[in-house]
Every structure is written in structure tokens, then in C-alpha cells.
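Read the structure below first, then the notes.
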Amino acid sequence: MGKFEKALISLNEANRIMPSDPYILNNIGVTVESLGRKKEARESYQSAIEADANFPLAQYNLAANFLEVGEREIAYKKLNLLKTMDDVLANELQQMIWGKFIVNISSRKLDNKLLAELRGLAEINFLSKLTG
């Protein structure tokens with residue numbers, strides 16, 4: 001049994017004792033995501049957010065999870081929410097989104113969908129400068 005599996009056993013026990021603790025739920029998400037279980041991680045992050053909607057780390061992890069599985073629109077929405085909660089995490093997420101976008105753009109030609117994504121990212125960046 002590896003370290004993530006052992007950690008998950010401990011976290012599940014803690015979750016049994018304190019089932020609505022957003023920190024435990026978020027850490028379960030991080031652990032199961034490290035084991036490659038993206039959907040289960042997303043559910044844990046969402047549970048952490050249900051327990052505490054103002055928990056920026058869970059918002060960040062959920063957005064990063066959506067970004068990893070190609071759900072960029074949801075990640076963009078989470079970015080806007082995160083900007084109202086935690087500037088550092090919002091900047092990290094924005095860099096992650098741009099990084100994924102650059103990798104994506106280098107692997108295919110510009111089409112209408114890609115151009116729309118670029119406009120959306122530019123708008124998010126512009127709005128953040130206005131409100132920041």
C-alpha cells in the first residue's frame with residue numbers, strides 16, 4: 001500500500017468523525033486526484049465547497065480539476081469567483097489556464113472555437129485589471 005492509499009484511509013476515518021469539515025473533504029480530493037481518480041476528487045472538492053462556500057483552496061482545486069479534464073468554461077467561471085476570494089490562488093489559476101491554452105493553441109490551428117476562448121481569456125484578464 002502506497003502513501004496516498006494510507007493517507008486516504010486516515011482521511012476517510014477523519015471524515016467519518018467530522019463529515020462536514022471542508023479541510024478534510026478537500027484533502028480527500030487532493031489525495032484521490034493524486035491516485036488518478038479525477039471524478040471522485042471533483043466530488044470531494046464540491047462537498048468541501050458545500051461545507052464552506054468561501055473556502056478558496058477547494059474552489060481552486062475544483063477549477064484545476066475541471067481544467068485538467070478539458071472543462072475550460074467551468075474553470076473560467078471558477079477563476080472569476082476565486083478572484084473575489086484569494087488573489088494569489090486566482091493568479092496561479094490564471095497562469096495555469098494560460099499555460100493550458102498555449103499548449104492547446106500550439107497543437108492545432110486557430111479555429112472559431114479557439115478564437116472564442118482567446119477572446120474569453122483576454123476579457124477575463126482585462127476585467128481583472130479593472131476590478132483589481
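The values are calculated or read from the model by the stated rules, or taken from the named source; none is laboratory data. Just so we're clear, the structure is a prediction, and the values are computed from it rather than from any experiment. As a convention, Cβ positions derive from the backbone with ideal geometry for all residues, glycine included, and neighbour counts pool all protein chains shown.
Brief remarks on what is shown
- The residue list LEU62, LEU67, LEU79 contains one member that is under 21 Å from MET96 (Cα atoms) and in contact (Cβ under 8 Å) with a residue 40 or more places away in the chain, which is LEU79.
- Some residue of the range 58-79 being crowded, with 19+ Cβ neighbours inside 10 Å, in a helix (DSSP H, G or I), modelled with pLDDT of 95 or more and touching a Ser or Thr at 6+ places or on another chain (Cβ under 6 Å): no
- Test result for LYS129, modelled with pLDDT under 60 and either polar (S, T, N, Q) or not in a helix (DSSP H, G or I) (or both): no
- Some residue of the range 16-31 being among the charged types (D, E, K, R) and assigned to a helix (DSSP H, G or I): yes
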